[in-house]
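Novice: Before I ask anything, here is the structure I am working with.
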Amino acid sequence: MQFLFQTILYIPIFNVFVALYNIIPDIGAVIIIITFLIKLAMYPLTKSSIVAQKSISEIQPKLEELKKLHKDNKQLLAQETMRLYKENKVNPLGSCLPILIQLPIFIAIYWVLQAGLTANNFDTLYSFVKNPEHINTVSLGFVDLGKSGNVVLAVLAALAQYWQAKMMQTKRPPKEAGAGGKDEDMASIMNKQMLYFMPFLTLVIGWQFPGGLALYWFWSTLLTGLQQKFMFAKK
């Protein structure tokens with residue numbers, strides 16, 4: 001499994017990373033470019049996830065009406081909910097599956113940046129990729145992305161995470177929804193907790209890990225948020 005992961009994901013991405021550094025010897029620019037390329041490659045998956053989330057949010061008023069009508073009959077409520085999903089071509093799992101597919105790619109990017117920022121081992125380079133022997137982790141002449149504790153990047157990554165999560169926040173159901181609104185109410189509470197927990201976690205990770213990882217996290221989250229905002233604005 002580890003061999004497959006390295007062969008399909010880690011090694012190709014690491015080679016692209018080093019090849020870009022050979023062309024543009026600035027680690028910050030390389031991280032920004034490779035993040036953009038990864039987001040571009042994963043655009044269909046991200047789009048699918050956002051579309052599913054948007055579709056679910058659009059039928060929330062109808063779901064609330066169903067919960068009011070069938071609050072005393074859970075079986076009928078479940079049947080009517082599935083019928084509503086089917087009529088509107090909504091897949092409740094549609095927003096989760098693309099994220100699960102992208103997870104191995106995120107892990108590979110993490111290890112690539114870790115290796116590129118902290119190691120000088122280039123044994124996995126392809127024969128046609130020049131060995132730089134050493135990667136200078138200083139970007140723009142004064143920002144060392146190989147060191148941890150970069151407050152600015154950590155805060156920017158946390159703010160981007162908050163902004164993205166804010167767009168996905170689920171409103172709490174009205175009191176009239178009664179017992180049928182408990183599930184939705186619980187989802188709303190969890191979303192609210194994630195709204196603050198994930199940015200805080202991002203801040204901690206961005207502070208403790210090399211600045212290059214915080215830069216990647218910020219840029220990746222920002223691009224996803226912009227895509228999300230654009231698609232939510234479309235009718």
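Novice: I'm trying to understand the selection: among the residues of segment 120-130, which are open to solvent by less than 100 Å² (accessible area, probe 1.4 Å) and without any contact (Cβ under 8 Å) to a residue 12 or more places away in the chain?
Specialist: Asn121
Novice: Please determine whether any residue of segment 97-110 is modelled with pLDDT under 80, over 30 Å from Pro132 (Cβ atoms), touching a helix residue (DSSP H, G or I) at 6+ places or on another chain (Cβ under 7 Å) and surrounded by 16 or more Cβ atoms within 10 Å (Cβ to Cβ).
Specialist: yes
Novice: Can you name the condition, by its number, that Ala187 falls short on among (1) modelled with pLDDT under 75; (2) aliphatic (A, V, I, L, M); (3) open to solvent by 60 Å² or more (accessible area, probe 1.4 Å)?
Specialist: The single condition Ala187 does not satisfy is (3).
Novice: Further question on the same structure: Going through Leu153, Leu117 one at a time, which residue ends up being modelled with pLDDT under 80 and either open to solvent by less than 40 Å² (accessible area, probe 1.4 Å) or not small (Gly, Ala, Ser) (or both)?
Specialist: Values: Leu153 fails: modelled with pLDDT under 80.
Answer to the check: Leu117.
Novice: Please identify the pairs in which a residue from segment 17-35 that is over 20 Å from Asn131 (Cβ atoms) has its Cβ atom under 7 Å from the Cβ atom of a residue that is aromatic (Phe, Trp, Tyr) and open to solvent by 60 Å² or more (accessible area, probe 1.4 Å), counting only partners at least 6 apart or on another chain.
Specialist: Cβ pairs passing all conditions: Ile32/Trp219; Thr35/Trp219.
Novice: Where residues in segment 65-92 are under 31 Å from the mean Cα position of the chain (by Cα) and either crowded, with 16+ Cβ neighbours inside 10 Å or polar (S, T, N, Q) (or both), which of them is modelled with the highest pLDDT? Working first, answer last.
Specialist: The initial filter retains those residues of segment 65-92 that are under 31 Å from the mean Cα position of the chain (by Cα), namely 78, 81-92.
So of that shortlist, the ones also either crowded, with 16+ Cβ neighbours inside 10 Å or polar (S, T, N, Q) (or both) come out as 81, 85, 88, 90-91.
Working: Thr81: 83, Tyr85: 80, Asn88: 76, Val90: 74, Asn91: 70.
Ranking the qualifying residues of segment 65-92, first place goes to Thr81.
Novice: Taking only segment 131-145 into account, find how many residues are of a type in the set (D, E, K, R) and open to solvent by less than 70 Å² (accessible area, probe 1.4 Å).
Specialist: 1
The values are calculated or read from the model by the stated rules, or taken from the named source; none is laboratory data. All values reported here derive from a predicted model rather than from experimental measurement. Every residue, glycine among them, receives a Cβ derived from its backbone with ideal geometry; neighbour counts consider all protein chains shown. With ligands, DNA and RNA removed, areas are computed over all heavy atoms of the protein, side chains included. Shrake-Rupley method; radii C 1.70, N 1.55, O 1.52, S 1.80 Å.
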